[in-house]
């Protein structure tokens, strides 16, 4: 009999490859199966471009490219959005207060600002926001830029509208820079021109970039300074500026032009489309819990608001344009003031 430690048998079970973690939809709990069904249904409805977005980066390989797109920090993004949002349009607000009163106008400005903050935070409610986010170094920091924007523009809107209306009264013009008249009006326009030009350049840049990316997506021209890419960019930008100039000269009244543009585009890009996007992304889960039901109601309301502003605004601005106000605005294709 050999001396030594007695032989012992391990009590631990033998380790074997388990199939318990294999994915089997039929073995999932009922609640998880319902979630999986929603995901699969959404994937079927989404385009191939959506599904391949990680593999098909619109900007391509920037490492060796001449053009670097993702360069914005959050505060730079905020400054650009402030310059783009607070431009000539803010000077039409005093005339709004002249129509609905000081208190009603202040409530409307703050209320719509809160709604625009929600739509901007959820899905980039403004048309230009998508372009800004795509060029940020850290897109997750967009929320900071949005908060700075909304606090800044709502504050400026309130102050400018209430001060101009308080001093000019019900006779305030739109844009309000023409209200003082004479030398003061010229000084005001001289100070405002840089901001107006910057805002116009940003709008033209965003629109041109959308077209440019659609044309050259996935090619070397996205990140290389070639004759074709430079020439195409200049051609697209020039086309945008010419179209904008023709529209501005054809509709001489500033209020009517602003109302027409806002009805056609701002109503959907700021309110309606954000609600539609949310409803699309959450299809099948509207009644999942109380939070989803509340957000469903909010976003359906946003779609209704966008549709109402679009329809009512188009009717009102179209009627005003058809009736004409040439004697007050100087007529189309003239150098006369377009204030009213």
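Out of 235, 200, 231, one residue alone is within 20 Å of residue 65 (Cβ to Cβ), out of contact with any helix residue (DSSP H, G or I) (no Cβ under 6 Å at 6 or more places or on another chain) and in a helix (DSSP H, G or I). It is 231. Among all residues of the stretch 105-114, there is at least one that is at pLDDT 70 or above and more than 30 Å from residue 178 (Cβ to Cβ). Residue 312 - would you say it is surrounded by fewer than 16 Cβ atoms within 10 Å (Cβ to Cβ), in contact with a helix residue (DSSP H, G or I) (Cβ under 9 Å, 6 or more places away or on another chain) and either assigned by TED's automatic domain parsing to the domain that holds residue 114 or modelled with pLDDT of 90 or more (or both)? Spelling it out, residue 312 is indeed surrounded by fewer than 16 Cβ atoms within 10 Å (Cβ to Cβ), in contact with a helix residue (DSSP H, G or I) (Cβ under 9 Å, 6 or more places away or on another chain) and either assigned by TED's automatic domain parsing to the domain that holds residue 114 or modelled with pLDDT of 90 or more (or both). Output yes when any residue across the stretch 198-219 is on the phi > 0 side of the Ramachandran plot and either within 19 Å of the chain's Cα centre (by Cα) or modelled with pLDDT under 90 (or both), and no when none is. Yes.
From the list 221, 205, the lone residue that is part of a helix (DSSP H, G or I) and touching a helix residue (DSSP H, G or I) at 6+ places or on another chain (Cβ under 6 Å) is 221. Only residues that are free of Cβ contacts under 8 Å to residues at least 40 places away in the same chain and part of a helix (DSSP H, G or I) were counted in the stretch 281-297, giving 8.
Listed by first and then second residue, the pairs with beta-carbon distance under 6 Å, at least 6 apart or on different chains, first residue in the stretch 254-268 and within 17 Å of residue 129 (Cα to Cα) and outside the structural domain of residue 176 (by TED's automatic domain parsing), second part of a helix (DSSP H, G or I) and modelled with pLDDT of 85 or more, are 267/306; 267/309; 267/310; 268/306. Of note, residue 317 satisfies the criterion of being in a helix (DSSP H, G or I), within 21 Å of residue 175 (Cα to Cα) and not assigned by TED's automatic domain parsing to the domain that holds residue 178.
Rundown of residues vs (1) in the same structural domain as residue 242 (by TED's automatic domain parsing); (2) under 19 Å from residue 257 (Cβ atoms); (3) touching a strand residue (DSSP E or B) at 6+ places or on another chain (Cβ under 7 Å); (4) surrounded by fewer than 16 Cβ atoms within 10 Å (Cβ to Cβ), yes/no style:
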| site | (1), (2), (3), (4) |
| --- | --- |
| 162 | yes, no, no, no |
| 170 | yes, no, no, yes |
| 173 | yes, yes, no, no |
| 179 | yes, yes, no, no |
| 202 | yes, yes, no, no |
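Against the definition (free of Cβ contacts under 8 Å to residues at least 60 places away in the same chain and in contact with a helix residue (DSSP H, G or I) (Cβ under 9 Å, 6 or more places away or on another chain)), how does residue 175 come out, yes or no? Taking the combined requirement at face value, the residue does not satisfy it.
The values are calculated or read from the model by the stated rules, or taken from the named source; none is laboratory data. Note that the coordinates shown come from a computational prediction; the quantities given were computed from them, not determined experimentally. Cβ atoms come from the backbone with ideal geometry, glycine included; neighbour counts cover every protein chain shown.
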